[in-house]
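Notes follow the structure.
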Amino acid sequence: MSEPLVDISHVTCGYGDTAAIRDIDLQLQAGTFTGIVGPSGSGKTTLLRAIAGRIPVAHGRISMAPGTRLSYVPQVESVDWNFPVTVGECVLMARETSRLLPWATPEEKRQVGQTLERLGLAGLQGRHIRELSGGQQQRVFLARALLRRPQLVLLDEPTSGLDVKTRHEILHLLGELHDDGLTIVLTTHDLNGMAAHLPHLVCLNVHVVAEGAPREVLTPDVLQHTYGASMDVLDHGGMPVVVDAYTGAALRSAS
Ligand code: ADP
């Protein structure tokens, strides 16, 4: 196998003296699409922030293939959407900050237009970001991330708070970007609507409990160790469907 794009070796880090993730060993190959699942507080966001270099690693090491460009997309909820800018301005703010010119070049404006069109936001360039729906806000975040032409995108809960249709749209969009060669890592709470559709999952609870294809890791045993709760996994045409243990028992006795 070739050298990984990201090599996470025995990484422990957190806040103050408290470790939020411990002894994490993960390799992310170029072109892969990975979902990180786990309960609230299990360290999903911390792991993304560590990969993005936003928090220091206390022990271990994260190395990246030379020249790798990455973009980190935080949770939509973490941002003040009342900031008075339009969609186009908001996306433009993500361009290289080392430039001296404060205004956008024609090439940059062209890139913004192209990116917004790609993400289905073409008509919204002049709209105030406050006036966007949750799905549109998520796509503006993605547009900002893609403007830097990254090889790796890290997304924190990209479908949280979205309705089913919008969630499908975002999942589909990410699938297309992955097909184009982008390496994607995202966190999600949504085991059935999101995680089960991804090629590769990492089950996290401070440590890595398991990693593999959804069918390999969405098992009652792994879920018990990840979530500390009894869950059942049903088979729906080869696709795992996670339910709580009571629902699983009721469905099994009814069939
Ligand atoms: P998740 O994304 O899985 O919900 P987080 O990575 O956000 O988990 O949090 C992991 C642990 O680190 C939690 O116990 C959380 O309370 C703690 N934590 C997260 N952010 C901070 C912070 N800025 N300062 C102190 N503790 C934090």
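Using the alpha carbon gyration tensor of the range 132-199, what are the three equivalent-ellipsoid semi-axes (square root of 5 times each eigenvalue), largest first, in whole Å?
Square roots of five times the eigenvalues give 18, 15, 10 Å.
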* Asked: Mind checking which of TYR72, TYR15, TYR227 has the largest fluctuation in a GNM of the chain, springs on alpha carbons under 10 Å?
  -> TYR15
* To do: Taking all pairs of distinct Cα atoms, average 1/r, flip it, and tell me the Kirkwood hydrodynamic radius of the chain in Å to one decimal place.
  => 19.5
* Calculate, for THR105 and PHE83, the FRET efficiency according to 1/(1 + (r/R0)^6) with r their C-beta to C-beta distance and R0 25 Å; round to the nearest 0.05. => 0.60
* What nm value, rounded to one decimal, do you get for the distance between THR18 and SER230 when each label is placed 7 Å out toward the C-beta? -> 3.0
* Asked: When all protein chains stay in place, what accessible area (Å², nearest 10, 1.4 Å probe) is found for TRP81?
  -> 30
* Structure fact -> Convex hull around the C-alpha positions of the range 110-231: the volume in Å³ per residue is 121
* Asked: Which value at 222 nm does the chain reach when only helices count, each DSSP H run of 4 or more adding -39,500 (n - 2.57), with the total divided by all residues and rounded to the nearest 500 deg cm²/dmol?
  -> -9000 deg cm²/dmol
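The values are calculated or read from the model by the stated rules, or taken from the named source; none is laboratory data. Predicted, not measured: the structure shown is a model, and the values here were computed from it. With ideal geometry, Cβ positions are generated from the backbone for all residues, glycine too; neighbour counts draw on all protein chains shown. Heavy atoms of the whole protein, side chains included, go into the accessibility calculation; ligands, DNA and RNA do not. Shrake-Rupley method; radii C 1.70, N 1.55, O 1.52, S 1.80 Å.
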